[in-house]
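The values are calculated or read from the model by the stated rules, or taken from the named source; none is laboratory data. Remember, predicted model here, so these are calculated numbers, not experimental data. Note: ideal-geometry Cβ built from the backbone for every residue, glycine included; neighbour counts use all protein chains shown. Heads up: the accessible areas ignore ligands, DNA and RNA and are worked out on the full protein's heavy atoms, side chains in. Shrake-Rupley method; radii C 1.70, N 1.55, O 1.52, S 1.80 Å.
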Amino acid sequence: IRRGLLLAAIACLCAALAGPLVGFRWELISRRGNEIVFAIDTSRSMLTADVKPNRLARAKLAIDDFANQLDGDAVGIVAFAGSAFLICPITLDYGAFHETLNAIDTNTIARGGTNIESAIAEAQRALHSRPGADKILILVTDGEDLEGSAVAAARNAAQQDHLKIYAVGIGTAAGDLIALPVDQGGGYVKDETGALVKSHLDEDKLKAIAAATGGFYVPLGAEGEGLQLVLKTVLGTIDKRDLSFRRQRVYIERYQWPLATSFALLVASLLIGPRRRTRVRRTASMGVAALSSLVLFAAWPNRPGRAASPT
């Protein structure tokens with residue numbers, strides 16, 4: 001019985017360690033974070049190789065690293081060249097965000113040129129319908145604004161929707177020639193006169209755009225240091241808010257039941273004494289004593305009922 005109780009106690013202990021779940025309750029789960037829109041320049045100037053492998057590839061790698069460090073923040077992507085388009089609506093699905101980011105190239109926007117004003121307007125529309133005080137646009141470009149008035153658009157967005165723009169410049173002030181991919185004929189971009197076009201980073205324009213909204217400008221850097229600075233100084237100081245709610249079924253742990261049963265069985269096994277073993281030993285002792293008495297009785301010469309020897 002003791003062995004059986006001990007084995008049952010061990011079995012109940014194993015059941016408790018398995019963490020049984022019995023019953024459930026409904027809980028309202030909220031996801032907290034900020035909403036961020038990346039405006040990525042996809043014009044042909046982003047093919048310039050003054051940043052290796054080129055500006056666009058370097059920007060996509062830095063944004064990918066940035067998104068991998070987010071925790072609950074909603075993200076979206078606006079691609080722009082001569083016009084702008086919201087190619088990834090604001091979402092909490094990071095997998096969809098990464099797939100869209102990887103698919104971006106200089107053919108994403110068919111219209112050529114660079115129109116930062118259209119990118120700001122598209123990001124403003126994407127964030128306008130979403131409640132919340134903090135609306136963040138991270139503008140990743142070389143700053144060569146060939147169309148529109150980006151500074152005026154940034155100022156209006158800040159006044160109407162409290163949009164803050166953090167400009168991230170990519171490229172160098174010295175610039176380089178714009179190399180065309182092989183599928184576009186190769187070579188370098190030329191102007192109407194046939195002269196080679198050299199693209200430069202326009203930091204002054206980007207600083208003015210960011211300052212108009214209360215944001216700041218930072219160069220991307222060789223290892224994406226600019227976006228890391230935005231992540232630490234901006235997202236680290238802004239209070240997160242509830243972005244989504246959902247009901248979740250939470251199962252209740254019942255490990256206490258088998259654990260208590262195991263303890264009770266263990267105590268019961270300790271309370272049961274070794275009675276059978278004592279009884280066996282007592283019976284054996286009585287048998288030995290009886291056998292000894294018989295031997296002594298048989299060997300006794302003058303025992304009652306036995307005639308004395310003639311000699």
(message) Considering only the range 20-34, I want to know if a residue exists there that is surrounded by 17 or more Cβ atoms within 10 Å (Cβ to Cβ) and closer than 22 Å to residue 141 by Cβ.
(response) yes
(request) Please work out which one of (1) closer than 23 Å to residue 69 by Cα; (2) at pLDDT 90 or above; (3) of a type outside the set (Val, Ile, Thr); (4) open to solvent by less than 30 Å² (accessible area, probe 1.4 Å) is the condition residue 127 fails and give its number. (result) (2)
(message) Consider the range 153-177. How many of its residues are within 23 Å of residue 112 (Cβ to Cβ) and open to solvent by 10 Å² or more (accessible area, probe 1.4 Å)?
(response) 6
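Output yes when any residue across the range 22-29 is in a loop (DSSP other than H, G, I, E, B), touching a residue at least 40 places away in the same chain (Cβ under 8 Å) and of a type in the set (A, V, I, L, M), and no when none is.
No - not one qualifying residue is present in the range 22-29.
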(request) Quick one: residue 107 ticks every box in (1) within 20 Å of residue 164 (Cβ to Cβ); (2) not in a helix (DSSP H, G or I) except a single one, so which number is it? (result) (1)
(message) When you check residue 195 against the structure, is it of a type in the set (A, V, I, L, M) and within 24 Å of residue 48 (Cα to Cα), yes or no?
(response) yes
(request) Please enumerate the residues belonging to the range 62-79 that are in contact (Cβ under 8 Å) with a residue 60 or more places away in the chain and either open to solvent by 60 Å² or more (accessible area, probe 1.4 Å) or part of a strand (DSSP E or B) (or both). (result) 65, 69, 74
(request) Given the conditions (1) in contact with a strand residue (DSSP E or B) (Cβ under 9 Å, 6 or more places away or on another chain); (2) closer than 18 Å to residue 206 by Cβ, report the number of the one that residue 49 does not fulfil. (result) (2)
(request) Return the total of residues in the range 160-180 being assigned to a helix (DSSP H, G or I) and more than 34 Å from the chain's Cα centre (by Cα). (result) 0
(request) Working carefully through the options 16, 39, 49, find the one that is modelled with pLDDT under 90 and either among the aromatic types (Phe, Trp, Tyr) or buried (at least 17 other Cβ atoms within 10 Å of the Cβ) (or both). (result) 16
(message) Name the residue that is farthest from residue 197 (Cα to Cα), counting only residues in the range 92-107 that are in contact (Cβ under 8 Å) with a residue 40 or more places away in the chain and open to solvent by less than 50 Å² (accessible area, probe 1.4 Å).
(response) 92
